[in-house]
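Trainee: Here's a structure for you.
The values are calculated or read from the model by the stated rules, or taken from the named source; none is laboratory data. Keep in mind the model is a prediction, meaning the values are calculated, not measured. FYI the Cβ positions are ideal-geometry reconstructions off the backbone, even for glycines, and counts take in every protein chain you see. Keep in mind that these areas ignore ligands, DNA and RNA; they rest on the heavy atoms of the full protein, side chains included. Shrake-Rupley method; radii C 1.70, N 1.55, O 1.52, S 1.80 Å.
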Amino acid sequence: MHMADALESAVSTVLNTLYGWDGPVELQETRKDFEGDATLVVFPFLKLSRKSPADTAREVGEALLAATPLVVRYNAVQGFLNLVLSSEQIQARFDAIRTAEAWGTASVDPAAPAAMVEFSSPNTNKPLHLGHVRNILLGHSVSRILEASGRKVVQVQIINDRGVHICKSMWAWQQFGGGITPESAGKKGDHLVGDFYVRFDQEYRGQVRELMAQGLDEEAAKAQAPCMRAVQEMLRAWEAGDTEVRHLWATMNSWVYDGFNETYRRLGVHFDRNYYESETYVLGKHDIEEGLARGVFYRRDDGSVWIDLREEGLDEKLVLRRDGTSVYMTQDIGTAIQRFADFSIDRLTYVVGNEQDYHFKVLFLILKKLGYAWADQLYHLSYGMVDLPSGKMKSREGTVVDADDLLHEMEATARSLSEELGKTEGLGEAEKAKLYQVLGHGALKYFILKVDPRKRMVFNPEESIDFNGHTGPFIQYSHARIKSILRKAEGRPAAWSWAEVSVDERSKELIQTLDRFPEAVQQAARTYSPAVVAQFAYDLAKAFNSFYQANPILNAETEALVGFRLELCATTASALRSALDLLGIEAPERM
RNA sequence: GGUCCCGUAGCUUAGCUGGAUAGAGCAUCUCACUUCUAAUGAGACGGUCGCGCGUUCGAAUCGCGCCGGGAUCACCA
């Protein structure tokens, strides 16, 4: 039970006795400038009390003193009743926190249906970039948070492995590759394939220019460019199952997957199941036919199939082309249904950029109209784009921030900062490399996850991400310092009991911050927002640093106090580690 | 044009199920390391919460209308 829960019910009882109030009672944290642990706003009760705000506050305060041992003091400031909790309450809270199995997180019920989270979902024609990084970090963190809220989670990605884009890379590789492979080039496969995608684009633009010089207009030139025709021919061959094309396709895609997996590994994420569009693009047609029979969709004279969503404030939307082939929507309908058949899940979250808000609104509506009960449990975690100071990232202009490069730069920054500060003495080369990775990635991940997912964010590659202040490394540092103290304390007997120690103000604030952890996790899960956990982790680190500055640990006045503070330190360290873990950030033992 | 999202100190942002004097970090300026890691702590400076009207005892928070930024409205994916 949260500290406030017992108090809330006591307040509720008092209000009912005094004024016959039976509505909800909400307490808030007392502002720092006033004495107290919890505050009741009495304005809502004035009509019933028929007294001034201050008098009402005092009346409720007196009644609470008499009614419950939880409250030892109160003060009334205008309409605000500030309540001071008994020290037994604080002690009881810390007892609950330190004895908890994994404070803050709920245990997963393995029998209950899981929550599925789809994220990353790349195309196989180029390497991952900064936009994917935000997506991946959000998806992974939300998955961890859902788990911590007591849900089993299935993480999936859908890989767009077929279509013109990959044929472009394939064609360029055939033309200009000279049989090169990731091994022979010494290059990650996704980057190598991406190079050929760029190569194609160069070729294409050259051909278009040439044709236009010969007098064709732009549209005609684009359609007639030989390389584009070749690619379209290749796509047809792919669809017809041409052995050679399929073989090349499989080979180049496997290069890309090796590259992606390397990046995923560095980021510390994984997927329980991959869906491939080459397999899922046929899904959905059957469901459309069924819906057509039940009148959810309608067929136009030309044979195309539509849904009318004008009553819902949207438009009419095509779900099957005139020639009976699928559109994106068709496939998404089929894939969603497939997933609920593949797994025991009762909800599905899509981590996809806000440019697809409309698409998902329509998709969810259609599934609802098709009568799936789980349609209400579909959620589009819509996040804002990552832009550069100059605007959008554009691959043509070479302004795309590559994920691998970015990770490498973060590690390099961590290295130079650590060396500058002289923090790496006594570490082996492997340990150092590991530490720079942990810190650099921690800085990047926190930088991205601390902001509300919905907000678009600007990333300036010229300015390195901070390691001081409201950052990942700040939290990691707080953890490392605690671990350092705990190492020094090893073997020291430090038994203590509440009879021997009293809780000072900083310790109390630290305990109260720790106490918020479970609620922070639940709120983050409810709102699909890692930013809530990020903010909590920061608050906790801050509360600890304040406490630490004011209180000697190993040199405390009494051995009992040493024991108490050590336990408070250890409890804080593990909470910090858990919170960082929910963000996909590692907590170093030293730094 | 219709629809959706965003707008809080110079910059990055928290607060958004309505509550006290709107919290942080960066930057700038003080102070604190012979003492458990100064990637830290304590403090100063900095705000018409885009603008207006409304609801309310009370609005950054809710409603309406503007302004600014972004996205989207393809038989593209």
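Trainee: Scan region A:520-560 residue by residue and report those that are open to solvent by 10 Å² or more (accessible area, probe 1.4 Å), under 19 Å from the mean Cα position of the chain (by Cα) and within 9 Å of RNA strand B (Cβ to nearest atom).
Mentor: The answer is A:Gln523, A:Thr527, A:Ser529, A:Ala531, A:Val532, A:Gln535, A:Tyr538, A:Asp539.
Trainee: Considering A:Ser344, A:Ser395, which residue is among the small types (Gly, Ala, Ser) and at pLDDT below 95?
Mentor: Unique residue meeting the criteria: A:Ser395.
Trainee: Between residues in region A:446-475 that are more than 19 Å from A:Ile136 (Cβ to Cβ) and residues that are within 6 Å of RNA strand B (Cβ to nearest atom) and open to solvent by 40 Å² or more (accessible area, probe 1.4 Å), which pairs lie under 6 Å by C-beta distance while being six or more apart or on different chains?
Mentor: Final answer for the pair search is A:Phe467/A:Leu417.
Trainee: Looking at A:Ser120, A:Ser141, which is the one that is in contact with a Leu (Cβ under 6 Å, 6 or more places away or on another chain), closer than 30 Å to A:Ser278 by Cβ and open to solvent by less than 10 Å² (accessible area, probe 1.4 Å)?
Mentor: Unique residue meeting the criteria: A:Ser141.
Trainee: Output the number of residues of region A:57-93 satisfying the condition of being within 16 Å of RNA strand B (Cβ to nearest atom), open to solvent by less than 70 Å² (accessible area, probe 1.4 Å) and touching a strand residue (DSSP E or B) at 6+ places or on another chain (Cβ under 8 Å).
Mentor: Looking only at that region, the number is 14.
Trainee: Condition (residue is among the charged types (D, E, K, R) and within 13 Å of RNA strand B (Cβ to nearest atom)) applied to region A:568-581: is it met by at least one residue?
Mentor: There is no residue in region A:568-581 that is among the charged types (D, E, K, R) and within 13 Å of RNA strand B (Cβ to nearest atom).
Trainee: Which of the residues belonging to region A:234-287 are β-branched (Val, Ile, Thr), in a helix (DSSP H, G or I) and open to solvent by 50 Å² or more (accessible area, probe 1.4 Å)?
Mentor: Passing the criteria: only A:Thr243.
Trainee: Now for a separate question. Being part of a helix (DSSP H, G or I), under 23 Å from A:Ser326 (Cα atoms), at pLDDT below 95 and open to solvent by 20 Å² or more (accessible area, probe 1.4 Å) is the requirement here; does A:Leu211 meet it?
Mentor: The answer is no for A:Leu211.
Trainee: Out of (1) away from RNA strand B (no atom under 16 Å from the Cβ); (2) surrounded by 15 or more Cβ atoms within 10 Å (Cβ to Cβ); (3) under 29 Å from the mean Cα position of the chain (by Cα), what's the single condition that is false for A:Ala112?
Mentor: (2)
Trainee: Of all residues in region A:498-517 being among the polar types (S, T, N, Q) and in a helix (DSSP H, G or I), which is nearest to A:Leu583 (Cα to Cα)?
Mentor: Here the answer is A:Thr513.
Trainee: Follow-up. Of everything in region A:326-354 that's under 18 Å from the mean Cα position of the chain (by Cα) and not hydrophobic (A, V, I, L, M, F, W, C), which residue is nearest to RNA strand B (Cβ to nearest atom)?
Mentor: Applying the filter and picking the extreme gives A:Asn354.
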